[in-house]
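Q: Before anything else, here's the structure in question.
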Amino acid sequence: MSVHPATNDQPLQTGQDNQVKASPRPARPQRTMTANPELVDLPPAMSLSTLFILLVGAVLGAFGAVMVLPAWAPNLSASLLGEEPKAYWYLSRSSAVAAYGLLWLSMVFGLLMTNRMAKLWPGGPGAFDLHQHTSLLGLAFAIFHALILLGDRYISATLEQVLTPFGYSGYEPFWVGLGQLALYGMAIISFSFYVKQWIGRTLWRIIHFLSFVIWLLSLLHALFSGSDTDLLIGWYWFSGGSVLFLTIYRVLVSFQPAKPRPSRNEG
């Protein structure tokens, strides 16, 4: 005599209950130092061809000011240089301040983006675009800042000394060497935007964590090798303090304990 499955209600119901209880709950997303992982998959804000034109323009502009201008416009060059050749130094200092300011903006937008504070302004994708644009523009100004020193008679640096970290032995060689390391670090981080799909998220994040080291090297370079540090000391305190504040806030938010979610079976 067979028993219809519908008459065996209790065992079937118990099995269903066990299956419901045994089913795993959705895993809670892990808290990481990158709070907006969806932004990692965004394409570069600036095309590679545009970046190439930007960097080539910075290099040609520096070499043009150093080599072409004195030959093509000797009277203009003489009026700019005079007896004390400071024109190239002024060009280098102004481009250095611009590069430092753009690097600061890149750090700020990057920290706002990973803190999710960018939702207030200018939005996640907007912060990502501004983060990358300021980083790439800062790299261009930093390259111009380094190469334009080839025209300064007081520095008297060769191209090899400018391009080789700690290869210059004249004015403040150690702090200048830190700036050279920061320049190469900025280049690595900037180009990582374009190889992200080949190197993977993990390596890309590790490279981006180097931004904090690059920022510190740039700040030390500006403080101890800049001739106008006394004039800009307030700016250095503000920029350094703001990056430190946003970094601490990022760490605290990223690693704070998650609040337990109430069980669905409660009540």
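Q: Once the piece of chain linking Leu163 and Arg201 is laid out straight, how much longer is it, given 0.36 nm per residue of separation minus the C-alpha distance between them?
A: 10.7 nm
Q: What percent do you get for the relative contact order of the stretch 118-245 when only Cα pairs under 8 Å and 6+ apart count?
A: 19
Q: Quickly rank 95-105, 141-151 as a protection proxy: mean count of other C-beta atoms within 10 Å, highest first.
A: Final packing ranking: 141-151, 95-105.
Every number here is computed from the coordinates shown, using simple stated rules; none is lab data. Not measured: the values here are computed from a predicted model. Cβ sites come from the backbone with ideal geometry, for glycine too, and all protein chains shown count toward neighbours.
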